[in-house]
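Participant: Once you've had a glance at the structure underneath, I'll fire off some questions.
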Amino acid sequence: IVHGGVSSNPKAENDKHVKDKSDRATQEQVLDGRTRLVLAGLVNRDIIGPFTHCISTGKEANVYHATASPNRPLSLQQYSEFAVKIYRTSILHFRARQAYMEGEHRFQGEYTSSRNPRKMVRVWAEKELRNLRRLEQGGVRGPKAIELKENVLVMEFLGDGDSASPRLKDAPIEADRLPDLYAELLIAMRKMYQHCRLVHADLSEYNILYHQSHLYIIDVSQSVEHDHPRAFDFMRTDIRNVDDYFRRRSGGEVNTLGFRRTWDF
Ligand code: ADP
Ligand code: MN
């Protein structure tokens, strides 16, 4: 595995210096000892098999591609691989998240009362799991949440073979498909508000995957309840991000106004 975490690297183990160095590196990142235990648990419970590669390293989490265990439960037969999001347990980057958590009646006590970074990260991961489930229930495309254990979230892998589907930002999309995809995204955002009762709060071309010719919404750990005091602020920013992106990408052809011009609604 990347970062010398789950599967051992014999060469590194023979070299004390290298091992110490890689241990320190992993502790500062995501694969601390406790996280490795959690991963071992998921392997022992026949959910995930070996990790194949790292899909993304971010400030708050890393995402890995893992094969599904051949002995996985019947309920998971349809999945041959998973995306595993591992939240960093370092407190460093979590301060910025306070603004999203404050005003969240679902998580109030748990989050604000905790001085323990591991616990705060767990609450954050749980928020992502619950929000992904709400996307699914509300009929909004996104990865299905499979399993959560502490700071490790196992979800449906959106990709083809073992290569992840591109972010909207990097997706090769024909110009003449942009208006449809823009409309699809507006509908998804509306459903997210009306049915899931959530505002994404970090929506942009970076948190949308282009998968099987459709747009999938990801990264919903910071999404807030529709009645969060800043819900409309977050929503306005989401709309502006999406609107700006489509306008830029289409050379000014597609945006809220262009959309109105074309379809006249
Ligand atoms: P971060 O907090 O680091 O932004 P994200 O949830 O946005 O975390 O995931 C980071 C990246 O990992 C995404 O941009 C995407 O490329 C990839 N990714 C996330 N979830 C999946 C998934 N279910 N299937 C495939 N790729 C994914
Ligand atoms: Mn993201």
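Participant: Name every residue in the stretch 68-82 that is touching a residue at least 24 places away in the same chain (Cβ under 8 Å) and assigned to a strand (DSSP E or B), in order of residue number.
Facilitator: Answer for the stretch 68-82, where residues must be touching a residue at least 24 places away in the same chain (Cβ under 8 Å) and assigned to a strand (DSSP E or B): Glu81, Phe82.
Participant: Of the residues Arg230, Arg190, Arg167, Arg197, only one is modelled with pLDDT of 95 or more and under 15 Å from the mean Cα position of the chain (by Cα); which?
Facilitator: It is Arg167.
Participant: Here are the criteria: (1) free of Cβ contacts under 8 Å to residues at least 12 places away in the same chain; (2) within 24 Å of Asp244 (Cβ to Cβ). Tell me which single one Ile173 does not satisfy.
Facilitator: If we test Ile173 against (1) free of Cβ contacts under 8 Å to residues at least 12 places away in the same chain; (2) within 24 Å of Asp244 (Cβ to Cβ), just (1) comes out false.
Participant: For Tyr206, indicate whether it is within 16 Å of ligand 2 (Cβ to nearest atom) and either hydroxyl-bearing (Ser, Thr, Tyr) or assigned to a strand (DSSP E or B) (or both).
Facilitator: Judged against the criteria, Tyr206 is a match.
Participant: Asp219 versus (1) loosely packed, with under 15 Cβ neighbours inside 10 Å; (2) modelled with pLDDT of 95 or more: which is the lone unmet condition?
Facilitator: It is condition (1) that Asp219 fails.
Participant: Condition first: under 15 Å from Tyr210 (Cα atoms), in contact with a Ser or Thr (Cβ under 6 Å, 6 or more places away or on another chain) and not in a strand (DSSP E or B). Now tell me which residues in the stretch 130-161 satisfy that.
Facilitator: Once the filter is applied, which keeps residues that are under 15 Å from Tyr210 (Cα atoms), in contact with a Ser or Thr (Cβ under 6 Å, 6 or more places away or on another chain) and not in a strand (DSSP E or B), the stretch 130-161 yields only Leu158.
Participant: I would also like to ask the following. Take the residues in the stretch 233-244 that are of a type in the set (A, V, I, L, M) and more than 18 Å from the chain's Cα centre (by Cα); name whichever of them is surrounded by the fewest Cβ atoms within 10 Å (Cβ to Cβ).
Facilitator: Among those residues, the one meeting the criterion is Ile239.
Participant: Also, I was wondering about something else. So how many residues does the stretch 44-62 have that are within 11 Å of ligand 1 (Cβ to nearest atom) and of a type in the set (A, V, I, L, M, F, W, C)?
Facilitator: 3
Participant: While we're on this one: Any chance the stretch 155-171 includes a residue that's touching a helix residue (DSSP H, G or I) at 6+ places or on another chain (Cβ under 6 Å), buried (at least 16 other Cβ atoms within 10 Å of the Cβ) and polar (S, T, N, Q)?
Facilitator: no
Participant: Moving on. Scan the stretch 83-115 for residues that are crowded, with 19+ Cβ neighbours inside 10 Å, of a type outside the set (D, E, K, R), modelled with pLDDT of 65 or more and outside any loop (DSSP other than H, G, I, E, B) and jot them down.
Facilitator: Answer for the stretch 83-115, where residues must be crowded, with 19+ Cβ neighbours inside 10 Å, of a type outside the set (D, E, K, R), modelled with pLDDT of 65 or more and outside any loop (DSSP other than H, G, I, E, B): Ala83, Val84, Ile86, Tyr87, Tyr100, Met101.
Participant: Can you work out which of the residues in the stretch 187-203 that are at negative phi and touching a residue at least 60 places away in the same chain (Cβ under 8 Å) is nearest to ligand 2 (Cβ to nearest atom)?
Facilitator: Within the stretch 187-203, the match that is nearest to ligand 2 (Cβ to nearest atom) is Leu198.
Participant: Can you name every residue in the stretch 44-64 that is more than 16 Å from ligand 2 (Cβ to nearest atom) and touching a strand residue (DSSP E or B) at 6+ places or on another chain (Cβ under 7 Å)?
Facilitator: Listed by number, the residues that qualify are Ile47, Ile48, Gly49, Pro50, Phe51, Thr52, His53.
The values are calculated or read from the model by the stated rules, or taken from the named source; none is laboratory data. Owing to the predicted nature of the structure, the values given are computational and were not obtained by experimental measurement. With ideal geometry, Cβ positions are generated from the backbone for all residues, glycine too; neighbour counts draw on all protein chains shown.
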